[in-house]
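*Asks:* Below is a structure I'd like to ask you about.
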Amino acid sequence: MSNTKFSESCYLCNSDSNYIKTDNEKRRHYLCSNESCGEYEISLSAMEHLIHNNDFKSQLLPLAKRCKGTDGLLQISVRGTAIEAKVRPRSEV
């Protein structure tokens, strides 16, 4: 995992955010500055699937918010043809 931080708009809410690349650059670990959003890791394939689905993105915001500052991390990925979002302990990540 690289520790290089990148500044970019949050993928879920478009607020100011930082991320690092993980999983051989196949995922991004975001830490959003927006109080309504939070911390999550998203695969590049999930980003492609969600690019125009703002309704689903907004449903993920409360899950990401709950992970900020906790031992849990919201992981967003693609399983088959569906988006999967689940909170996992950081020790398993």
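The values are calculated or read from the model by the stated rules, or taken from the named source; none is laboratory data. Everything numeric here is computed off the predicted structure, so don't read it as measured data. For the accessible areas, the whole protein counts, side chains as well, though only heavy atoms, and no ligand, DNA or RNA atoms are used. Shrake-Rupley method; radii C 1.70, N 1.55, O 1.52, S 1.80 Å.
*Asks:* Could you please put Leu44, Leu31 in sequence from largest to smallest accessible area, using a 1.4 Å probe?
*Replies:* If we order Leu44, Leu31 from most to least accessible, we get Leu31, Leu44.
*Asks:* Here's something else I'd like to know. Which distance in Å, rounded to a whole number, links the C-alpha centroids of segment 11-30 and segment 44-79?
*Replies:* Segment 11-30 and segment 44-79 have Cα centres separated by 11 Å.
*Asks:* How high is the relative contact order of the chain, in percent, with contacts defined as C-alpha pairs under 8 Å that are six or more residues apart? Working shown, then result.
*Replies:* Details: 177 pairs, mean separation 19.0, N = 93.
Reported as a whole number, the value is 20 percent.
*Asks:* On the protein heavy atoms, probe 1.4 angstrom, tell me the percent of accessible surface of the chain carried by carbon and sulfur.
*Replies:* Values: 2540 of 5660 Å².
Roughly 45 percent, rounded to a whole number.
*Asks:* Let me ask something additional. Give me the 1.4 Å probe accessible area per residue for the chain, excluding ligands and nucleic acids, in Å². Present the calculation step by step, with values, prior to reporting the outcome.
*Replies:* Numbers: 5660 Å² over 93 residues.
Here the residues of the chain average 61 Å² of exposed surface.
*Asks:* In what order, largest first, do Lys57, Lys86 sit by accessible area if the probe radius is 1.4 Å?
*Replies:* Lys86, Lys57
*Asks:* Identify which of the listed values of Rg and Dmax of the Cα atoms in Å was calculated from the structure shown: (1) 21.8, 60; (2) 12.0, 32; (3) 32.8, 111.
*Replies:* Step by step, Rg and Dmax of the Cα atoms in Å for this structure corresponds to label (2).
*Asks:* Here is a further query. Per residue of the chain, what 222 nm ellipticity follows from adding -39500 (n - 2.57) for every DSSP H run with n ≥ 4, rounded to the nearest 500?
*Replies:* It lands at -6500 deg cm²/dmol.
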